[in-house]
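Student: Submitted below is the structure of interest, expressed as structure tokens.
Nothing in this text is a laboratory measurement; each read-out follows from the coordinates by a stated rule. On a predicted model such as this, the values are computed, not experimentally measured, just so you know.
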């Protein structure tokens with residue numbers, strides 16, 4: 001499907017007038033291309049955040065130490081957990097996951 005066809009489909013789906021001037025279609029085609037790039041950038045950023053979620057397991061793996069070594073050392077475990085808690089607000093993905101968990105608990 002080309003951009004103009006996608007624009008026309010979107011106009012219909014959005015309940016907007018499809019009887020528009022060719023110049024407006026031309027502008028909408030450019031707008032649609034930019035919007036698609038922006039949505040893809042957001043999707044990529046969200047995926048990158050998901051792939052870089054901080055956890056004891058990931059930290060252990062990154063530095064090449066067995067996770068069990070961390071789990072057997074309460075100072076290391078507490079340090080990582082405190083670090084995660086202190087930096088959780090920086091991750092919108094973590095906030096979303098916390099809200100989902102809260103919704104699940106409320107539903108039960």
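Student: Could you tell me the largest-minus-smallest coordinate of the C-alpha atoms of the range 1-51 on each of the three principal axes, in descending order and whole angstroms?
Tutor: Reported extents, whole Å, longest axis first: 44, 19, 17.
Student: Normalise the Debye intensity by I(0) for the chain, one equal point scatterer per Cα, no solvent, then take log10 at q = 0.15, 0.18, 0.19 Å⁻¹ and round to two decimals.
Tutor: Debye output, listed in q order: -0.81, -0.95, -1.01.
Student: If you don't mind, another one. Just need the relative contact order of the chain here, percent rounded to a whole number, with Cα pairs under 8 Å and 6+ apart.
Tutor: Details: 37 pairs, mean separation 18.9, N = 108.
Rounded, it is 18 percent for the chain.
Student: If you fit an axis through the alpha-carbon atoms of helix 92-107 and take the longest principal axis of the Cα set of the chain, what angle between them do you get, 0 to 90°, nearest 10?
Tutor: 80 degrees
Student: Looking at the chain as a GNM with Cα springs under 10 Å, which of 32, 19, 44 has the largest mean-square fluctuation?
Tutor: Maximum among the listed residues: 19.
Student: Could you identify which residue out of 49, 80, 63 has the top mean-square fluctuation in a GNM of the chain using Cα springs shorter than 10 Å?
Tutor: Top of the fluctuation ranking is 63.
Student: Find the percent of Cα-Cα distances in the range 54-108 that exceed 18 Å, and round it to a whole number.
Tutor: Working: 687 of 1485 pairs.
That fraction is 46 percent.
Student: To continue, here is another question. For n ≥ 4 DSSP H runs only, could you compute -39500 (n - 2.57) per run for the chain, divide by its residues and tell me the 222 nm figure to the nearest 500? Working shown, then result.
Tutor: Working: 6 runs with 84 residues, N = 108.
Per the formula, -25000 deg cm²/dmol.
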